[in-house]
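The values are calculated or read from the model by the stated rules, or taken from the named source; none is laboratory data. Keep in mind the model is a prediction, meaning the values are calculated, not measured. Reconstructed Cβ throughout: ideal geometry from the backbone, glycine too, with neighbour counts over all protein chains shown. All accessible areas refer to the heavy atoms of the entire protein, side chains included, with ligands and DNA or RNA removed. Shrake-Rupley method; radii C 1.70, N 1.55, O 1.52, S 1.80 Å.
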Amino acid sequence: SYISGLVVGSRLCFVGSREGDFPRILSLVHLEKNTPISSLIFQMMLQLFLTLVADFDVLMRNAATVNIIFDIMVITAMVKMRFTHKQLKRPFKVPLVFVIGYLLCMLYLVVIKVIMYPIESFLGIFLVAFISIILYYITVVNESPKFLQRWTEKLTIIAQKALFACPADSENVMF
């Protein structure tokens, strides 16, 4: 649903920002409510924009396809880590048969979506992947351009004052 997507998406943005993968402005936490206020607002604006601009059915099909592909990538990475990093502590263990069954179901869903809606599926997958890779290399792999760093730093300070928030790592408060 819309609300669950807003909450989960904002938490992912918050953690990504706190770890340095997203702009710092998304890691602001409200001082009284302890909620990631800036990432909640960002997710709300993003979802409203997508809902207003795109056809809702196409948007839902593309979002579902992209989510399934990300699920496949995450589960595959976890299976790989299960064999390459055996020393890591796991809070619970799932039998490999269930994991492989889940992966097969997810692959089936992606194949069916691509067969039923080939143009929309490929367009959604490649646009998301292309834009994500470009933004990742511009902002994370290569150090961001100085003008972009200055601009985001100023925007972060303005957001801190407007939202009554501070970064998640409290020793770097900019007030």
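Okay, here's what the table says:
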{"quantity": "Where a residue in the range 59-84 is under 15 Å from I100 (Cα atoms) and in contact (Cβ under 8 Å) with a residue 24 or more places away in the chain and its partner, wherever it lies, is open to solvent by 40 Å² or more (accessible area, probe 1.4 Å) and among the basic types (K, R), with Cβ under 8 Å and at least six apart", "calculated": "I68/K113"}
{"quantity": "Residue match in the range 1-11 (condition: more than 28 Å from I112 (Cα to Cα) and open to solvent by 60 Å² or more (accessible area, probe 1.4 Å))", "calculated": "yes"}
{"quantity": "Condition check for M45: open to solvent by 70 Å² or more (accessible area, probe 1.4 Å) and within 17 Å of S10 (Cα to Cα)", "calculated": "yes"}
{"quantity": "Single condition K161 does not satisfy, out of (1) among the basic types (K, R); (2) open to solvent by 100 Å² or more (accessible area, probe 1.4 Å); (3) closer than 24 Å to E19 by Cβ", "calculated": "(3)"}
